[in-house]
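A quick write-up on the structure given underneath.
The values are calculated or read from the model by the stated rules, or taken from the named source; none is laboratory data. As the structure is a computational prediction, the values presented were derived from the model and not from experiment. Methodologically, a virtual Cβ is constructed for each residue, glycine included, from the backbone with ideal geometry; neighbour enumeration extends over all protein chains shown. To get the accessible areas, we keep the full protein, side chains included, count just its heavy atoms, and leave off ligands, DNA and RNA. Shrake-Rupley method; radii C 1.70, N 1.55, O 1.52, S 1.80 Å.
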Amino acid sequence: MLGNNYIEAKKKGINYYRKMVSKGTYPYLPVLDSILQNGESSSGNSLGLLNIPSEFVIGTKTEGRSNAFAGNFLPIMEEGSEFATKWEQLCQSHIEEGIREPVKAYEYMNRYYIEEGNKRVSVLKYFESPFIQANVIQILPQSNDSIEVELYQELLKFRKVSGILFLEFSQKGRYKELLHLLGKNHDQIWSQEERQEFEATYYLFKKIYEQKIKSSKGTNTTTADALLGFLNIYKYEEVLRFSEKEMKQNLQRTLEDISLMKEESPIQIQSQPEDKSTLLGTFDQIYQSALGISKKIAFIHDKDAKQSGWTNQHEMGRMHAQEVFGKKIQTKAYFYAFDENPEEVITKAIEEGYKIIFTTSARLMPASLKVAINNPSVMILNCSVNISHRYIQTYYGRMYEAKFIAGAIAGSLCEDGKIGYVCKYPIYGSIADINAFALGVQMINPQAKIYLQWASVGSLECAIRTLMEDGIRLISSLDGVALWEKNYRTYGLFWAKNNKLESLAIPVCNWGVYYEKLIQRILDGTIRHEYEESQKALNYYWGMSADVVDILCSDAVTSPVQKLATFLKESIRSGNCNPFMGKFISNTGETYDFPAGKLELKEVVEMNYLAENVIGTIPTYEDLDETIKETVDVVGVQKNEWRLS
């Protein structure tokens, strides 16, 4: 007589069968022999004995008894059949001593098809066993350009070093990103202890995540995608120490951010401030004004204004905003955030009543994100671009517009066809700056070459000295100078002429105007409205049309060239000129055809190739100093490749 297990299993199988039929979907197990493409051999390669993930066992090798099971591998044969009796006997064996004999399976595109042991698989799936022991034959797909095959090929490389079979991402590059977040190289073989540690963490996360998404509409990333998003917020070493309760709490807080992992383009880049002020925001502002309430706004810096030209600019911006808004706001600056724990510095500002916080460097993004997640009533904005986090808005200037004009000026003044360019960080946006400058030069002086040096490899002084020793006298150097800095004349576009240095032009971001506009949008409710309206990460990337980017020319630039600069500036402001228009050729020979005649902003930000007239390369990760590495780990244009190459 059959026990209740077969009856219950059959009930679940029939329910699944009927559900599939009602949807017009094939209700039985898929058959591998019917799936293989022409030319794909079913002989395959032996992988030996493996513990394969039960959830990826989906079908049978041959048609055989595939119709004895519903598509979820649970039985649908009648209770009195020989099949049912054997199934129940296997069930009893599993309960009493466990199923020990491995099945024989074929693996194709990370899915497993059973040749011998279908009933064993059915029983194990009924009892929700996470793994099934199997002798596996691997069948490789034919190479093609499909996303599915490319993802599978990435998976095979990951499997080779990790031994992990259960991890599956939905987008390319994520296996590399995971290795990066785990602190591992692409060829570093995992130990058994490392595999077991990761497996335990993954399945705890999976259990909690799948419980959470049942009540969270729209959260349909794979578990691996979700874990990757989680590890972009919490370091792996932290996650390993989480209890189940802590994992639940932190996952609940970050679900909105993790949901972005399903998006191919998770970032919404706003190029121009739009008027979207809300009535509620207006009433709130009037109410606070009547009560004499001022918004408390903190600025968190990683350095001091007297040590860093970058920090000095943001401090000037803070003071401008304070002057503009007067008693409506109260601002305070916190310096040297990395002399302490930056999370504690930001938290201290919140405890002191500052509910709007600007963190002014990309290095502060990880700390900003954690604090934002734990303090949902606080608004934190980070000065960076191309960051895909829902809980943080970012802001940055389109400096490539000013760099394009600087290039045109340099092309006009260049006499020997040699122009130097010094860049500091190989981060999002900086490569576009180099290319825009190069295109500006090329527009005026097609034969000129740009010789590239990196201040992050050595020092600014070393980079400039190298260029000068090569006989280059016209150089575009770093922006962001404070006039009290030593050798301030070697910032912006300058030349060495008649044994002296002379400033020509300097691209600037007017942070005072930027902060004025951002704070106004916070006060009138616009930014909150944009956050609620968008389902993506909001990045503000404003330029000349928003009056936050400019280029200043010295008297050393002749009147005709200044007129050219003014013409280009007005053309960019009006939208009639975009530095990235037409066909673009890189210095390695690749040709890029820009959609609709110009690149989208996201493509501009993520440029990781150099224009054809640039002599130089992007530095390797190993060549960067440690402080620079902290920044490129967050916003580096090749952050996932550097450590994996």
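Structure notes:
- Members of region 586-632 that are among the aliphatic types (A, V, I, L, M) and either assigned to a strand (DSSP E or B) or open to solvent by 70 Å² or more (accessible area, probe 1.4 Å) (or both): ALA596, ALA611, VAL614, ILE615
- In region 132-145, the residue that is farthest from LYS11 (Cα to Cα) out of those that are open to solvent by 40 Å² or more (accessible area, probe 1.4 Å) and at pLDDT 95 or above is ASN135.
- Here the condition is being open to solvent by less than 30 Å² (accessible area, probe 1.4 Å) and modelled with pLDDT of 95 or more; of ILE475, ILE464, ILE444, it holds for ILE475 alone.
- Among (1) in contact (Cβ under 8 Å) with a residue 60 or more places away in the chain; (2) in a helix (DSSP H, G or I); (3) closer than 23 Å to VAL634 by Cβ, the one test that TYR203 misses: (3)
- Residue within region 189-202 that is closer than 19 Å to ASN45 by Cα, open to solvent by less than 20 Å² (accessible area, probe 1.4 Å) and either at pLDDT 95 or above or in contact with a Lys or Arg (Cβ under 8 Å, 6 or more places away or on another chain) (or both) present: no
- Qualifying residue in region 33-40 (condition: of a type in the set (A, V, I, L, M, F, W, C), modelled with pLDDT under 95, open to solvent by 40 Å² or more (accessible area, probe 1.4 Å) and in contact with a helix residue (DSSP H, G or I) (Cβ under 7 Å, 6 or more places away or on another chain)): no
- Those helices (runs of 4 or more DSSP H) lying entirely in region 333-428 with at least 2 residues within 28 Å of GLU603 (Cα to Cα), among the hydrophobic types (A, V, I, L, M, F, W, C) and in contact with a Pro (Cβ under 6 Å, 6 or more places away or on another chain): 399-413
- Of the listed requirements (1) touching a Ser or Thr at 6+ places or on another chain (Cβ under 9 Å); (2) over 28 Å from SER554 (Cα atoms), ILE419 misses just one: (2).
- Selected residue (criterion: modelled with the highest pLDDT) from residues of region 41-82 that are open to solvent by 60 Å² or more (accessible area, probe 1.4 Å) and among the small types (Gly, Ala, Ser): SER46
- Identity of the residue in region 167-197, free of Cβ contacts under 8 Å to residues at least 24 places away in the same chain and assigned to a loop (DSSP other than H, G, I, E, B), that ends up nearest to LYS235 (Cα to Cα): LYS184
- The set of residues in region 479-533 being under 36 Å from the mean Cα position of the chain (by Cα), modelled with pLDDT under 90, over 20 Å from MET379 (Cβ atoms) and open to solvent by 10 Å² or more (accessible area, probe 1.4 Å) consists of ASP479, GLY480, VAL481, LEU483, GLU485, TYR488, THR490, TYR491.
- Residue within region 150-164 that is among the β-branched types (Val, Ile, Thr), within 24 Å of THR60 (Cα to Cα) and assigned to a loop (DSSP other than H, G, I, E, B) present: yes
- The set of residues from region 526-572 being touching a Leu at 6+ places or on another chain (Cβ under 9 Å), β-branched (Val, Ile, Thr) and closer than 16 Å to GLN272 by Cβ comprises just one member, ILE527.
- Yes/no for PRO27 being in contact (Cβ under 8 Å) with a residue 60 or more places away in the chain and either in contact with a Pro (Cβ under 7 Å, 6 or more places away or on another chain) or of a type outside the set (A, V, I, L, M) (or both): no
- The set of residues in region 312-327 being more than 12 Å from LEU364 (Cβ to Cβ) and buried (at least 17 other Cβ atoms within 10 Å of the Cβ) consists of ASN312, GLN313, GLU315, GLY317, ARG318, HIS320, ALA321, GLN322, PHE325.
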